[in-house]
Structures are given as C-alpha cells and as structure tokens.
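Every number here is computed from the coordinates shown, using simple stated rules; none is lab data. None of the values given here were measured: they were computed from a predicted structure. Cβ atoms come from the backbone with ideal geometry, glycine included; neighbour counts cover every protein chain shown.
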Amino acid sequence: MSTQTTAADAARQELGPGFSGTLIGPGDSGYDEARAVFNAMIDRRPALIAQCRNTADVKATIAFAREHDLLLAVRGGGHNGGGLGVVDDGVVLDLSGLSSVEVDPAKRTIRAGGGATWNMVDAAAHPHGLSTPSGIISSTGVGGLTLGGGIGHLSRKYGLTIDNLLEADVILADGTEARASADENPDLFWAIRGGGGNFGVVTSFTFRAHPVSIVQAGPTFWPLEQTAEVMRWWSDFIRQAPRELNGFFTTMTVPPADFLPAELHFRKVCGVIWCYCGDEDKAAEVFAEPQQFGNPLLHGVGPVPFPALQSLFDGFYSPGLQWYWRADFVKEFPDAAIEQHVEFGEKLPTLHSAMHMYPIDGAVHDVANSDTPFGYRDANWAEVIVGVDPDPANASLVRDWTVDYWDATHPYSAGGAYVNFMMDEGHARVRASYGANYDRLAKTKGEYDPENVFRVNQNIEPKAA
Ligand SMILES: Cc1cc2nc3c(=O)[nH]c(=O)nc-3n(C[C@H](O)[C@H](O)[C@H](O)COP(=O)(O)OP(=O)(O)OC[C@H]3O[C@@H](n4cnc5c(N)ncnc54)[C@H](O)[C@@H]3O)c2cc1C
C-alpha cells in the first residue's frame with residue numbers, strides 16, 4: 001500500500017467483490033456512526049471498518065490486517081468500557097452482520113452469531129420460555145460478555161455465561177476455522193471461556209438454555225444513610241439465600257423512570273436489584289426478610305418477563321454517555337471497606353454514576369478456579385464502580401470519583417478484577433485478573449496466536465510452548 005492509498009481503498013481493491021459486507025474508511029459516509037462505540041469517552045479513528053456478513057469476510061479481514069501490518073480490533077456489541085472494539089489507525093472487524101440467533105427448544109440450546117446482542121437472544125429464546133445467563137443490560141454484545149465470563153441476574157442459579165457455553169466456532173489468526181468444545185480443541189475451549197478475544201474471532205456461540213420465563217424482580221431501596229447496615233445484612237443474607245435468588249447491591253441515584261415512584265426520583269439511595277427465578281409460590285417467603293429489613297423506601301419486586309428485566313435500565317444507560325470504569329473481585333467486607341463505600345456513596349458525582357456489587361457465589365462456585373480462565377471463583381463478589389454522565393465536560397469529574405473510590409477500596413479486594421469491568425489498564429492488571437491461570441493462557445495464546453494478531457483486548461502475551 002503506497003502512502004497515497006488509504007487502507008479503505010486498498011481493501012476495496014484487494015478484497016473486491018468477494019467481500020459481502022461493507023468497507024468504510026475515513027471520509028466515507030457512515031464513518032462516524034460506524035466507529036462510535038457505547039462509551040462516548042472513546043473517540044478512535046480506524047483506517048478501515050470492515051462490516052462483515054459471513055465467515056469468509058472475517059477471514060479476508062484478518063488476512064488484510066496481517067498483510068498490511070495494521071492493528072486489528074474485533075467488535076462484537078461495541079460495549080466495552082475501554083473501547084476495545086475500536087482502534088486508532090487500524091482495522092475494525094465489525095461482527096454486527098453476524099447476529100442471527102437460533103433456538104432449539106427440544107435440545108434446550110441457543111446458537112448466537114458472534115455479533116449478536118443479548119436483546120436478540122432474549123427475543124428468540126423468551127417465546128420458548130428459555131434463557132441463559134447473560135448480564136444486566138440487554139444491548140451488551142454476546143461476544144465480549146461471553147468471552148470475558150458473563151455475570152448477571154442468573155449467575156447464582158446457573159453460573160457464569162461461560163459455564164453454559166457448549167461450543168464456539170472460531171476463526172484463528174492464520175484464517176483456519178476451529179470448533180471449540182469439550183471434545184474438539186479442548187485447550188481452545190478452555191481459553192475462550194474467560195480469556196477474551198485473545199484466541200480468535202468467534203463467529204458463533206452455542207449455549208445451554210434453561211427454563212426461565214417470568215421472574216420476580218425489581219429493586220429494594222433504602223436511604224443512603226443506611227448503606228453500612230444494609231450492606232452488612234445483604235452480604236450475609238444473599239450467601240445463605242436459595243440459588244434461585246440473585247440480588248446485587250448498589251449505591252446509586254434513583255432515575256426519573258416511570259416505573260419508579262416520583263418522590264424517589266433523583267434521591268441517592270442504597271439498594272439491591274433482585275431477580276428470583278424459582279417457584280412463584282415461594283417468592284413471598286423468599287422476599288419476606290428483604291421487604292422488612294431496615295424499613296425500605298421501596299420494595300418494588302413483582303412478576304416480570306425476563307427480557308423486560310434485562311432491558312429495565314437500557315433507556316437510562318443509552319449509548320453515547322461518558323463512562324469511566326474500575327473494578328475488583330472481593331471476598332469479604334471488613335468494616336474499613338464498608339466505611340469507604342459509605343463515603344463514596346455520599347459523593348456520587350452524577351445521576352448515572354453508581355457502584356454495583358454482584359454476587360458470584362452459588363453455581364459460580366461449583367466450578368474450580370482452574371477449570372476456566374475466570375480465576376476468582378473463590379471470591380464472593382464482583383465490584384464495579386462506574387462514573388457516568390452525558391456531558392463530556394464532566395468526564396474528569398466522573399473519572400476522578402471512580403479512581404479515588406477504587407484507590408480507597410482496592411486494598412480490601414482479592415487482587416484482580418473481572419476483565420469485562422476494566423478499562424485499558426495495562427499488563428500487570430491483566431495478569432492480576434487471571435491470577436494463577438495466566439501462564440496457561442499465555443501458553444495457549446502461543447499455540448493459537450503466536451504473533452499476537454489479536455492484541456486489541458485485555459492482552460495475554462504469547463509464550464512459546
Ligand atoms: C452498560 C453496560 C452494562 C454491562 N453489564 C454487564 C453485566 O451485567 N455483566 C457482564 O458480565 N458484563 C457487563 N458489561 C461489560 C461487558 O461484558 C463488556 O463491556 C464486554 O466487553 C462487552 O462486549 P461487546 O461485545 O459488547 O464489546 P466490544 O467492545 O465489541 O468487544 C469487547 C472485547 O471483546 C472482543 N470480542 C467481542 N466479540 C467478539 C467475538 N465474537 N470474537 C472475538 N472477540 C470478540 C473484542 O475484540 C474486545 O476485545 C456491561 C457493559 C456495559 C457498557
């Protein structure tokens with residue numbers, strides 16, 4: 001490629017009519033829409049965006065990036081906090097055209113394309129009364145969420161998303177196709193269940209589905225001043241609660257949403273967002289204690305179709321906000337840590353900013369730390385602090401609160417963090433987050449991607465076998 005020829009021109013010439021999708025470069029119409037990701041704090045300008053429609057397009061795009069020595073970012077749902085689905089001056093391999101979802105109700109499986117989002121999975125699976133563990137916002141990509149682990153409303157009952165992954169079709173760095181499952185390429189199957197996009201481009205995922213249709217769900221809110229007592233109570237309560245009950249703790253500001261009482265709008269609160277997927281008959285018994293503990297401001301739990309729960313906050317957290325993320329795994333809450341949560345809850349800087357503490361006990365603990373790369377199964381919680389605001393002028397305000405909060409609570413953490421809740425935080429942090437699994441990941445990376453073609457991610461550096 002001469003200095004005069006752009007990557008997009010070169011791609012159009014070299015990939016030509018064999019490419020079924022769309023090739024977009026700077027200056028082309030649609031470039032700004034195509035390069036935008038969920039987090040508006042990320043503003044990157046790729047040399048080429050290859051919107052793929054099939055596996056042949058995926059292979060051609062990988063080969064093109066390699067041949068021209070261009071950085072390659074793989075985009076699933078575009079939700080990643082650190083913007084790992086887009087790259088400056090390189091190639092974005094956009095999978096949004098591979099988003100079909102098929103459900104096999106007899107086998108109870110869901111097959112989703114590598115660029116599908118969870119609302120597409122919900123739309124296909126819910127009519128069959130089925131679901132599989134995902135996250136808490138429906139517009140998140142199946143690809144990134146799954147490859148990092150997948151923590152959500154069904155985790156205590158059915159485990160992480162990766163614990164329900166049966167097989168995946170992967171295009172490797174050299175363009176070959178590999179099926180990853182317990183029987184085929186088991187080392188690759190191990191690596192992609194938490195190791196992120198380091199090992200190849202996943203064009204389709206097949207999940208085990210579960211009978212989840214109508215759940216009993218919603219928030220309980222307490223005054224922010226009760227944060228310490230609610231946090232202590234909830235952390236004991238949830239660990240001995242039936243697995244069908246999930247409830248993540250939050251300090252947040254009540255959004256002005258129709259389904260929430262107007263008198264609570266804009267009030268800072270602490271709360272638990274519940275999802276009970278067990279017998280409806282037992283729901284009253286299960287929620288008896290949360291409903292009464294500490295005189296809540298609101299106990300808003302009721303029957304909800306699972307897709308409605310997953311999309312409850314979609315409108316509030318719409319694309320295009322400024323996001324700054326920090327995270328940790330947590331085993332226990334000493335009083336000193338709780339004091340920090342109280343202090344930073346009081347300092348919540350904006351309406352959209354929040355702290356979430358997700359339980360990862362129950363079924364998540366049934367799998368050993370070394371069985372998948374997700375190396376903190378012995379932790380009880382995955383904490384995420386998000387500083388969020390629509391106004392770019394508040395970017396440093398939300399960033400400073402997030403970083404100060406994390407600095408204050410990190411000393412009480414288990415060490416690493418859930419990779420999907422991190423920004424681009426450097427190699428030491430990636431190592432800490434995989435813990436004892438890092439060396440095996442590095443060796444597997446050395447086998448499948450020795451030249452580190454897939455490095456726009458929480459990168460695992462290849463180690464020669
Ligand atoms: C509002 C919001 C809520 C969230 N809630 C949750 C939650 O409840 N639970 C949870 O676990 N996580 C949650 N997350 C985090 C989410 O899992 C990560 O942001 C994840 O990276 C998003 O995946 P994506 O495909 O949308 O992202 P992208 O930005 O497209 O990709 C992220 C990374 O995954 C890689 N990747 C994506 N798809 C593929 C593929 N098919 N093949 C190979 N590599 C791929 C990319 O290369 C990149 O490195 C949330 C994020 C947001 C913004």
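Numbers at a glance
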{"item": "Mean Cα-pair separation over length for the chain, i.e. relative contact order, pairs under 8 Å, 6 or more apart, %", "result": "16"}
{"item": "Over the chain, equivalent-ellipsoid semi-axes from the Cα gyration tensor in Å", "result": "37, 24, 21"}
{"item": "Equivalent-ellipsoid semi-axes of region 136-255, from the Cα gyration tensor, Å, largest first", "result": "36, 15, 13"}
{"item": "Distance from region 96-168 to region 362-430 (C-alpha centre basis), Å", "result": "22"}
{"item": "Bins of 5 Å, starting at 0 and running to the largest distance - Cα pair percent for region 47-129", "result": "3, 15, 21, 19, 15, 11, 8, 5, 2, 0"}
{"item": "Cα-based Lys proximity count in the chain, under 17 Å, for pairs eight or more positions apart or on separate chains", "result": "4"}
{"item": "From phi via Karplus (6.51, -1.76, 1.60), per-residue ³J(HN,Hα) for region 160-166 in Hz, x at Gly/Pro", "result": "6, 4, 5, 6, 10, 7, 9"}
{"item": "Relative contact order of region 214-421, pairs being alpha-carbon contacts under 8 Å that are 6 or more residues apart, as %", "result": "27"}
{"item": "Label-point separation, Asp32 to Arg66 (7 Å along Cα→Cβ), nm", "result": "3.6"}
{"item": "Principal axis dimensions, largest first and in whole angstrom, of region 112-178 by Cα", "result": "38, 23, 19"}
{"item": "Stokes-Einstein diffusion coefficient of region 214-421, Kirkwood radius over Cα pairs, 4 °C, 1.567 mPa s, in µm²/s", "result": "73"}
{"item": "Antiparallel DSSP beta bridges within the chain, percent to nearest 5", "result": "90"}
{"item": "Estimated 222 nm signal from helices in the chain, with DSSP H stretches of n ≥ 4 weighted -39500 (n - 2.57), rounded to 500", "result": "-8000 deg cm²/dmol"}
{"item": "Sequence-separation-based contact order of region 7-94, relative, with Cα cut under 8 Å and 6+ spacing, percent", "result": "31"}
